[in-house]
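Working notes for the structure below.
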Amino acid sequence: MKFFKYIVYISLLFLVFALYKANYIVLPDIVAPYAALLSFIFLFAGFIMNALSWRQVLKANLHKVSVSDSIASVGLSVFGKYIPGKVWLIVGRAAYIAEKYSLKTAKLSSLSLNAQLIILWLGLMFGATGLLILRGIKSYGWIILIMWLILTIIIFSDVVHRIVEKLIKNILKRTITIPRLNFIPTIRIIPWFILYWLFYSAGFYFLVKSLSSGEVPVAAAFAFPLAGTLGVMAIIAPGGLGVREGVMVTYLVLAGFSAQAAMSISIAARLWYLIGEIFIFITGIIINRSGKSKNNIPDKTITNGSTN
């Protein structure tokens, strides 16, 4: 998997550069250790659910992939988002599966893009729900609504897919059919993506609770889906560095936190999420190496009752 290895190595370099430049590695003061523990349990579950959701997208398009391979594909490519442009966030996991199962990277990349769009689509819905509870929908609702409608059209519209295919044909001078998720199959796999965001939201809620001595409103949980979604949609910023924190601070201030407390939580959330990324990355490495070791076991052929 030479091509995929290059993606992993480059993404790690950009990760180190992004973290060095941002200087976000600051250890927070934990007020409630039990809440911190729960936050990591839900965070890790969210990363696993991300892989399982990706697997369901592949399954809906008649590509049967094992659970372990889906986790490895997400884990080993998780740092691809730190490469400016966000392209490798989408291509990375597709490249792993393509090389593993001898499939076309371009086709799987389009499916990976569809999966990412569903994540963003639901993330905006979760964020809008939180803003509605906090009565902040009047201030920011129109922006969220417009983004959500655009994503809805992109995900479900045949017209948009045909336009994109036509543009590709005009540019590359060849016909390429972009796979898409039809409405019914998409609706069937959406519960997996809802669980994905629920785990992350619950994890973030307990993170905030672990850092706060006072009561934490449930609506605070939805700060993460909104901030995470807008962070991914920030194409230029590597990994959404800066964008996610800004959205999160604004949201938490609406939730009743002081600007200083909101800033501290947003910085802690960056480290918290980075630990989750390291978890899924290491998990991916372990699964990938385990799979290689199994493939290296010589086959035993039984002939005339004897083992050669």
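The values are calculated or read from the model by the stated rules, or taken from the named source; none is laboratory data. Here the structure is a predicted model, which means the values were calculated and not measured. Cβ coordinates were reconstructed from backbone atoms using ideal geometry, including for glycine residues, and neighbour counts include every protein chain displayed. These area figures cover heavy atoms from the full protein model, side chains too; ligands, DNA and RNA do not enter into them. Shrake-Rupley method; radii C 1.70, N 1.55, O 1.52, S 1.80 Å.
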Once the piece of chain linking residue 259 and residue 146 is laid out straight, how much longer is it, given 0.36 nm per residue of separation minus the C-alpha distance between them? 37.9 nm
Extended-chain gain in nm, criterion 0.36 nm per residue less alpha-carbon gap, residue 271 and residue 99: 58.7 nm
What FRET efficiency would be calculated for the residue pair residue 183, residue 68, taking the C-beta separation as r and a Förster radius of 35 Å, to the nearest 0.05? 0.70
Can you give me the accessible area per residue for segment 99-141, using a 1.4 Å probe, in Å²? 48 Å²
Two pseudo-spin positions, 7 Å from Cα along C-beta at residue 215 and at residue 106, lie apart in nanometres by 5.8 nm
Inter-centroid distance (Cα atoms) of segment 94-144 relative to segment 193-228, Å: 18 Å
